[in-house]
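K.L.:
Dropping the structure in here first, questions after.
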Amino acid sequence: MNNKSNAIRQTYILMLMLVLCPISVSAQHHLVARVSDAKTGEALPYASVFIDSQHSTITNADGDFAINTDSTAVLRISHVGYKTLHISAMKVGKNIHLQPDGKILDEVIVMGSENIVKQVRKKLRKELRKNKRESSNLFYREMTYTGSQCTDFIECFFQGRTAIQLRDLSLVTGRYFAVASSHNSVPVNFHSLAQIPVLNTTQYTYDQMAPLHQEFKKLYMTDCQTLINGDEKTYVLTMIARNPKRWSVEGKLYVDGNTYELLKFEGIGLNERVKRVVQGKVYILPVDYSFVVNYQHDNGYAEVLSVHFNLRYRQGEKQYETNGLMFNAGQQTAKGTSKVEFYDNLIKKIKELGYNRQLWDDIEIVKRTPMEEEAIELMAREDLFGVY
């Protein structure tokens, strides 16, 4: 009788374990962590945090990220210039340290750049022809400060082409806020600055000059450094515009030395202007404009992963600063919405679509910095979104 009872008890325990194990394995986790340099401790902004096409993000300007996943997931965390880290969700703590990939200045070899530029350009043009119609969902966040006060804020989803450089953006949904003092000023469509050209084609880039133009030797002064790390190498191509008075972009292209894959483009925009209309008067203002574009290759071609840009300008005694972030969210999107083609004022289009508060309460995509969190909480608490 005792043996029978023990057998029944053991069978019951086994069945209970079989039922509970899947629940335990697939338990959901909300991971929040900071990615930093293992040697210096400095935060690494805009690092890629990837699980799959529906679960990915990047670190914010402070190096922080947040992501929902189950306990069995493995995160791939990468940043140009650092060794890629694969880590189980169960082992993610408050801090994640990436090791510099060993490329040191003492091992820099200066070499000719013309052939490398041609190889990179050839590869990108081929990838663009093959994948030019590929599109993705893009998350955008923009904040403008007048002095120390947040005066304009936009968050929205776009759909757009993502191979090589962003283009053909269509609005899906969004929300915005602007303080009362901005009511007499026409807002600027800064999101367009995320469409940074690296490769010039008449079909995609209008008149702005880009480093990988077919006439790059006439338009840019070039230099190349090869960063060595064992058998691995990275080319750093410096492209400086010969005519600094022309509307163009310049900076550094980071390229895989074995595959010629484009990894990152960081630089500045030359002769960029913003147009503001205040009380019927038009102001054309020069801006200081810098950017960082990161690329991914999960789909077999160079695809824009993220774009961050910063611009500053003055109007009279007021100093303005805008930070914009565009992130390739893959299959993550605002469900139940449809895209809207637009060619004029972004805020006007968001206003026409209306504000879905429940949607934005459930979506973060890229973790907000404390300053962004404070501003957004205030706007939501006072029900100020959609005010202009």
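The values are calculated or read from the model by the stated rules, or taken from the named source; none is laboratory data. The shown structure was predicted, so the numbers you read here are calculated from the model rather than taken from an experiment. With ideal geometry, Cβ positions are generated from the backbone for all residues, glycine too; neighbour counts draw on all protein chains shown. Side chains are part of the model used for accessible areas, which takes the heavy atoms of the whole protein and leaves out ligands, DNA and RNA. Shrake-Rupley method; radii C 1.70, N 1.55, O 1.52, S 1.80 Å.
K.L.:
Could you order Ser78, Ser148 by accessible surface area, starting with the largest, using a probe radius of 1.4 Å?
P.N.:
Values: Ser78 30, Ser148 115 Å².
Order by accessible area, largest first: Ser148, Ser78.
K.L.:
At 37 °C and 0.692 mPa s, what whole-number value in µm²/s does Stokes-Einstein give for the translational diffusion of the stretch 136-175, with Rh from the Kirkwood sum over Cα pairs? Please list the in-between numbers first.
P.N.:
Working: Rh = 11.3 Å.
It comes out at roughly 289 µm²/s.
K.L.:
May I have the count of lysine pairs in the stretch 199-327 with C-alpha atoms under 20 Å apart, counting pairs 8 or more residues apart or located on different chains?
P.N.:
Within the stretch 199-327, the lysine pair count is 10.
K.L.:
Further, regarding this structure: Find the percent of Cα-Cα distances in the stretch 268-388 that exceed 24 Å, and round it to a whole number. List each step's numbers first, then the result.
P.N.:
Values: 3386 of 7260 pairs.
The proportion of pairs with Cα distances above 24 Å equals 47 percent.
K.L.:
Between Lys122 and Val282, with labels modelled 7 Å along Cα→Cβ, what's the label distance in nm to one decimal, could you check?
P.N.:
4.6
K.L.:
Kindly sort Cys156, Cys150 by accessible area of their heavy atoms, largest first, with the probe set to 1.4 Å.
P.N.:
Working: Cys156 0, Cys150 20 Å².
Result, largest first: Cys150, Cys156.
K.L.:
How far apart, in nm, are two points set 7 Å out from the Cα along the Cα-to-Cβ line at Lys275 and at Lys245?
P.N.:
Label-label distance for Lys275 and Lys245, simple model: 2.3 nm.
K.L.:
How high is the relative contact order of the stretch 228-307, in percent, with contacts defined as C-alpha pairs under 8 Å that are six or more residues apart? Each step should come with its number before you reach the end.
P.N.:
On the way: 150 pairs, mean separation 16.9, N = 80.
Worked out over the stretch 228-307, it gives 21 percent.
K.L.:
For the pair Glu114 and Glu321, how long in nm is the line joining their label points, each one 7 Å along Cα→Cβ?
P.N.:
With each label point 7 Å from Cα toward Cβ, the separation is 4.3 nm.
K.L.:
Which residue, chosen from Gln319, Ala302, Leu262, occupies the Cα position most advanced towards the positive end of the dipole of the stretch 255-388, where the dipole is computed from +1 (Lys, Arg) and -1 (Asp, Glu) charges on Cβ about the Cα centre?
P.N.:
Gln319
K.L.:
Restricting attention to the stretch 271-378, which GluC sites (Glu not before Pro) occupy a DSSP loop and are surrounded by at most 15 other Cβ atoms within 10 Å?
P.N.:
Numbers: sites: Glu272, Glu303, Glu317, Glu321, Glu341, Glu352, Glu364, Glu372, Glu373, Glu374, Glu377; in loops: Glu272, Glu317, Glu341, Glu364.
Hits after loop and neighbour filter: Glu317, Glu341.
K.L.:
Length gain on complete extension for the stretch Met90 to Leu353, per 0.36 nm per residue less the alpha carbon to alpha carbon distance?
P.N.:
Stretched out fully, the Met90 to Leu353 stretch lengthens by 90.6 nm.
K.L.:
Please list the equivalent ellipsoid semi-axes of the stretch 203-301, computed as the square roots of five times the alpha-carbon gyration tensor eigenvalues, in descending order and whole angstrom.
P.N.:
Values: eigenvalues 205, 49, 31 Å².
That gives 32, 16, 12 Å for the three semi-axes.
K.L.:
Applying 1/(1 + (r/R0)^6) with R0 = 22 Å to the Cβ-Cβ distance of Thr259 and Met221, what FRET efficiency is obtained, to the nearest 0.05?
P.N.:
Working: r = 26 Å, r/R0 = 1.17.
Result of the calculation: an efficiency of 0.30.
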